[in-house]
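Okay, structure first, notes after.
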Amino acid sequence: MTRIERVLTGDAAEIRVAGRLDAHGSSALERELDDAVRSGARRLRLLLAEVSFLSSAGIRVLLKAHQAAAGLGGELQVAEASPAVLDVLRLGGLDDLLDAGGKATAAPGPQPFETVAGVVGRVHSLPAGGAMTCRLVGDPDRLPAGAFDAASTTGLPFPPGTLGLGLGAFGESFDDCRDRFGEFLAVAGAAACLPTDGARAPDDVMARGGLVPKVQALYGVACSGPFSSLLRFDVGMSAGSLPLSRLVAAALELTGSPAAAFVVVAESAGLMGAALRRSPVGAGDLFAFPGVRDSLSFTAERVHERATALVVGVATGTEGTALAPFVRPAGAAPLPAVHAHAAAFTFRALPAGAPSLEAMVRGLFEEERLLALLHLLPDVREIYGSGESLFLSGALWAAPVVPAAREGGPK
Amino acid sequence: MIRRPFHAVVPAVSEAVAWVGALAEEAGVPTERGLEVELAVEEALMNVCLHAYGGRGGDASLEAGRTEEGFVVEIEDAGPPFDPLSAPAPDTSAPLEARPVGGLGILLLRRVTDAARWRREGERNVLTLVFASRDPAG
């Protein structure tokens, strides 16, 4: 019987174990360490004075957790060890995991927390900060009738330093993509599309060498430029989980602009949204009942809880901006209005402090599994509505947006 | 030597290790050395579950007892030919951040056994772990 107790204080977790850390007990410890890291712990202190047996499965768990914490700027230390634990750590050449006492370096004083539109976290101004320029291509109002053609399709490249979302597909031309058009998102040199030709999983492309992801878009928003601010938020300090509309309001407040582009990387507490299941090209009346059931899938309840969500969006807090045709209410209120797509990945912890969006995106696309891609929509039906997408701890990057003139919109 | 079947799935490992631990105690192996026996046996059994049978489970057997060499444990599986002792030892001087997580178990197994031998017998892998008696008298 293995007993595990955990105390979390800020980014430090103290974990006391009693009993055997064999194959069985170690898997319990592995879950505990994983949960601690998910909850934001980066400095893991293990008290193993009452561990009677440490097996190789146990030291693998310790080494893996140390490596995970070190990758996030933290560490794992064994602060107390029984003779059995000491022996095995020494045999395995893992003495360095032992707390040498005084090895801890003085950390710089933590930055104060701020509250931005009700979201509690630490705000970082980004050095390269400026505004993003956004292209608004195509006409979302053509979607219900599926009235798209080659002339209304725009090839959008997404090199690093850009973001975008809309309806599109990877390919060379309209004809090449006509049966596959679906939701897409792009950020930091990576892009994902959800093909509508019956594929179950989204496709993705990362910029590498001279290769830049290119999406044929029926309509969409494509922005380029640096982010101006980063808000590292933690629901441990707010109450419960954060709905998308609060993060959108925070993005607008951070930028002090009527329109903003934003990216969220956060642990999902459940996403709500929809995705096209059939290419809208020539589909006729896409939203007519009952055909709509085949052309669109809605989440009836929150999905992909505990996944890492990568959300890319544009938002506005006022009416009458050029973004208006591309955005819908983020929550029950008409404003802020947003257009946001989310990619759900297997969980990946965010490093402490001000993480690099590029590194995080690369890690997600290269090392995690892309589970789903959807257009985030709140379910605001009274009584039965499941509400908005919800998020736990994460990071929000935002930039003010200067919308360029619409391209290919209604004349 | 006493023999028993072992259904090679991870959840069954702890019980099988405890069985060997109890035999070691009965055979007069000192408690500290007994923990090392359990350490090596657990590693060997996990290897059978994960490598010989790829996590799908399979039939194996376990034999343990005192011999002239000392306390001996023999583990047999019907997986593809695989000598776990041939795995290269991890570099324990590398910084922890760069240390491969695999290979640690075999390193421990080698360090706590006085001899470890692998042989292929027909369609079976046989791994023998020897824990020599360290009786000061003999």
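Points to keep in mind about this one:
- Whenever a residue of the stretch A:238-264 is on the phi < 0 side of the Ramachandran plot, its partners that are open to solvent by 40 Å² or more (accessible area, probe 1.4 Å), lying with C-beta atoms within less than 7 angstrom and at least six residues away or across chains, give the pairs A:Ser241/A:Leu392; A:Pro258/A:Thr318; A:Ala259/A:Pro403.
- Within the stretch B:65-87, the set of residues being touching a helix residue (DSSP H, G or I) at 6+ places or on another chain (Cβ under 8 Å) and in a loop (DSSP other than H, G, I, E, B) comprises B:Ala78, B:Gly79, B:Pro80, B:Phe82, B:Ala87.
- Options B:Pro90, B:Pro100: the member that is assigned to a loop (DSSP other than H, G, I, E, B), exposed (fewer than 13 other Cβ atoms within 10 Å of the Cβ) and within 14 Å of chain A (Cβ to nearest Cβ): B:Pro100
- A count restricted to the stretch B:103-114 and to residues that are open to solvent by 70 Å² or more (accessible area, probe 1.4 Å) and within 8 Å of chain A (Cβ to nearest Cβ) stands at 1.
- Condition check for A:Phe233: more than 28 Å from A:Asp179 (Cα to Cα), among the hydrophobic types (A, V, I, L, M, F, W, C) and at pLDDT 95 or above: no
- Any hit, the stretch A:57-73, residues being touching a helix residue (DSSP H, G or I) at 6+ places or on another chain (Cβ under 8 Å), open to solvent by 60 Å² or more (accessible area, probe 1.4 Å) and assigned to a strand (DSSP E or B): no
- Listed conditions (1) in contact with a Phe, Trp or Tyr (Cβ under 7 Å, 6 or more places away or on another chain); (2) open to solvent by less than 30 Å² (accessible area, probe 1.4 Å) are all met by A:Thr255, apart from (1).
- Hits in the stretch A:125-145 (condition: surrounded by 14 or more Cβ atoms within 10 Å (Cβ to Cβ) and closer than 15 Å to A:Gly220 by Cα): A:Thr133, A:Cys134, A:Arg135, A:Leu136, A:Val137, A:Gly138, A:Asp139, A:Pro140, A:Arg142, A:Leu143
- Which listed residue, of A:Val281, A:Val264, is outside any loop (DSSP other than H, G, I, E, B) and of a type in the set (A, V, I, L, M, F, W, C): A:Val264
- Filtering the stretch B:38-64 to residues that are touching a helix residue (DSSP H, G or I) at 6+ places or on another chain (Cβ under 8 Å), of a type outside the set (A, V, I, L, M, F, W, C) and more than 14 Å from chain A (Cβ to nearest Cβ) leaves B:Gly57, B:Gly58.
- Criterion (charged (D, E, K, R), more than 10 Å from chain A (Cβ to nearest Cβ), part of a helix (DSSP H, G or I) and open to solvent by 60 Å² or more (accessible area, probe 1.4 Å)) met by exactly one of B:Glu15, B:Glu25: B:Glu25
- The residues in the stretch A:351-387 that are open to solvent by less than 30 Å² (accessible area, probe 1.4 Å) and assigned to a loop (DSSP other than H, G, I, E, B) can be counted, and the count is 2.
- Residues located in the stretch A:24-56, provided they are open to solvent by less than 10 Å² (accessible area, probe 1.4 Å), touching an Asp or Glu at 6+ places or on another chain (Cβ under 9 Å) and under 25 Å from A:Gly93 (Cβ atoms): A:Leu44, A:Leu46, A:Leu47, A:Leu48, A:Phe53, A:Leu54, A:Ser55, A:Ser56
- Within the stretch A:160-216, being among the aromatic types (Phe, Trp, Tyr) and open to solvent by less than 10 Å² (accessible area, probe 1.4 Å) holds for A:Phe181, A:Phe184.
Residues checked against (1) within 14 Å of another protein chain (Cβ to nearest Cβ); (2) modelled with pLDDT of 90 or more:
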residue: A:Leu63; (1), (2): yes, yes
residue: A:Gln77; (1), (2): yes, yes
residue: A:Leu91; (1), (2): yes, no
residue: A:Leu94; (1), (2): yes, no
residue: A:Leu126; (1), (2): no, no
residue: A:Ala151; (1), (2): no, no
residue: A:Pro159; (1), (2): no, yes
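- Residue, surrounded by the most Cβ atoms within 10 Å (Cβ to Cβ), within the stretch A:388-409, restricted to residues that are at pLDDT below 80 and in a strand (DSSP E or B): A:Pro403
- Among residues of the stretch A:9-23 being over 24 Å from the mean Cα position of the chain (by Cα) and open to solvent by 20 Å² or more (accessible area, probe 1.4 Å), the one that is farthest from A:Leu91 (Cα to Cα) is A:Thr9.
- Taking the stretch A:142-201 as the range and being outside any strand (DSSP E or B) and closer than 20 Å to A:Phe227 by Cβ as the test, the residues that pass are A:Phe158, A:Pro159, A:Pro160, A:Gly161, A:Ala188, A:Gly189.
- The stretch A:78-91, residues that are crowded, with 19+ Cβ neighbours inside 10 Å and outside any helix (DSSP H, G or I): A:Val78, A:Ala81
- Some residue of the stretch A:306-316 being closer than 14 Å to A:Glu267 by Cα, open to solvent by less than 40 Å² (accessible area, probe 1.4 Å), in a loop (DSSP other than H, G, I, E, B) and not acidic (Asp, Glu): yes
- Single match in A:His304, A:His375 (criterion: out of contact with any helix residue (DSSP H, G or I) (no Cβ under 6 Å at 6 or more places or on another chain) and farther than 28 Å from A:Ser173 by Cα): A:His304
- Test: residue in the stretch B:115-125 that is of a type outside the set (Asp, Glu), at the interface with chain A (Cβ under 10 Å from one of its Cβ atoms) and in contact with a helix residue (DSSP H, G or I) (Cβ under 9 Å, 6 or more places away or on another chain): no
The values are calculated or read from the model by the stated rules, or taken from the named source; none is laboratory data. Computed from a prediction, not measured in an experiment: that's the story for all the values here. Virtual Cβ from ideal backbone geometry, glycine too; neighbours counted across all protein chains shown. To get the accessible areas, we keep the full protein, side chains included, count just its heavy atoms, and leave off ligands, DNA and RNA. Shrake-Rupley method; radii C 1.70, N 1.55, O 1.52, S 1.80 Å.
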